[in-house]
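Values in this text are rule-based calculations from the coordinates and carry no lab data. Computed from a prediction, not measured in an experiment: that's the story for all the values here.
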Amino acid sequence: MIYLLAVIGALTVAVLVWRAFAPQHSEFTSGRKVIAPDDDPEFLRKLDEQRKRDE
């Protein structure tokens, strides 16, 4: 019985260590980094052009 608990404990520790050090997978695998609109130079340029057009 003690051997069974030792095996289950070792497997649990192995799975936890594996998950802790495994590479993180993201749902966004397009390879494009997502940036906020206020950090996006293209967005800011378009916003500035639109503001100048509206004046």
| Residue-span extension gain [Val34 to Lys52] - 0.36 nm each, minus C-alpha spacing | 3.8 nm
| said: Quick check: residue separation of Gln24 and Ile8 times 0.36 nm, minus the Cα distance between them. What number comes out in nm? | reply: 3.2 nm
